[in-house]
Amino acid sequence: MIAKTMNQQLYSVEFEIEGPAAMFTRPDAGSAPVSYPVPTYSAAKGMFEAVVRLKSAYIKPTRVEILKPIRFESYVTNYGGPLRKPNQRNYQLAATILVDVHYRIYGEIHGKFSVRDNGKTKKTRPRSGKKDHCKLLKDNFDEKLENGCTFYAPCLGWKEFLPTYFGPIREKDKLPCSEITVIIPSILHSMWENQRLQPTFKQDWEIVRGVMSYETRRPANAE
């Protein structure tokens, strides 16, 4: 799908992902992590970047559709990561994860800002006789997604939660779960801002009839 904004075309991309388990961790959950019901903005962006990435353009997630009812289950795993105390052995980590998940995720392609020698920024735009970096990213994304080629293995939050399907949307007419309407008091938006570790949160974010927007608090289908 292609839309026009001002004098520039806006390219959109989408994919479908399904799997037996997912974990999109709430930072406020403490030592027994609990998942959000949907992928965070950062998680969705990572799924797009698993397919293809460019220095001159990027994919901005815009919305997610939930295609199966939300189900939480308890999960226990052995943890041996860097958050252990010094000289501490592996220990059991209890978590509350999502099971049997199925999403459609949509995004828009934007040009990146490049930094000049004088410290100022300039947005990359196609010029006469030059490549349209946004279109190039869209074409590469669609081709690689169709062929099942990825830059790295996409995951549903935690790296061990791999999808059983990741690819083009199979049933475009399938509707999101209309019974799912939830207000998330605080949802993690992104961990990074201008290449610096700076977590940002969105307050009172809404899932309405199975749809959540990454851009507006209340999605368009709520009207």
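Rule-based calculations on the coordinates, nothing more; no lab input. All figures in this text were calculated on a predicted structure; none of them were measured in a lab. All Cβ positions, glycine included, derive from the backbone under ideal geometry; neighbour counts span all protein chains shown.
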Alpha-carbon radius of gyration plus Dmax, which is the widest Cα pair, for the chain in Å: 18.8, 61
Karplus-derived 3J(HN,Hα), 6.51/-1.76/1.60, for each residue of segment 138-153, Hz, glycine and proline x: 4, 4, 5, 4, 4, 5, 5, 5, 5, 8, x, 9, 9, 5, 8, 5
Furthest towards positive pole of dipole, 92, 30, 207, structure part the chain, Cβ charges: 30
For residue 206, residues with placed amide H under 5 Å, excluding near neighbours: 184
Estimated vicinal HN-Hα couplings, Hz - segment 92-101 in sequence order (Karplus 6.51, -1.76, 1.60; Gly, Pro = x): 7, 10, 8, 9, 10, 10, 8, 10, 6, 9
Mean Cα-pair separation over length for the chain, i.e. relative contact order, pairs under 8 Å, 6 or more apart, %: 27 percent
Cα→Cβ-extended label distance, 7 Å offset, between residue 68 and residue 84, nm: 3.2 nm
Cβ-based net charge around residue 100, under 10 Å, with every Lys or Arg adding one and every Asp or Glu removing one: 0
Distance in nm between pseudo-label sites at residue 179 and residue 92 (7 Å out along the Cβ direction from Cα): 3.3 nm
Karplus-derived HN-Hα couplings along segment 56-61 (A = 6.51, B = -1.76, C = 1.60, θ = phi - 60°), whole Hz, x at Gly and Pro: 9, 7, 8, 9, 9, x
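Between residue 170 and residue 112, how high is the FRET efficiency from 1/(1 + (r/R0)^6) when r is the Cβ-Cβ distance and R₀ = 35 Å? Nearest 0.05. Please report the intermediate quantities before stating the final value.
Working: r = 31 Å, r/R0 = 0.89.
It comes out at approximately 0.65.
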Paramagnetic reach from residue 149 in segment 33-75 [backbone N under 13 Å; point 7 Å along Cα→Cβ]: 51-53
For residue 100, distant residues with modelled amide H under 5 Å away: 21
Cut-off 19 Å (backbone N to label point 7 Å along Cα→Cβ of residue 32), residues of segment 81-97: 91-97
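When ranked by the protection proxy of mean other Cβ atoms within 10 Å per residue, highest first, what sequence do the peptides 101-108, 193-200 form?
101-108, 193-200
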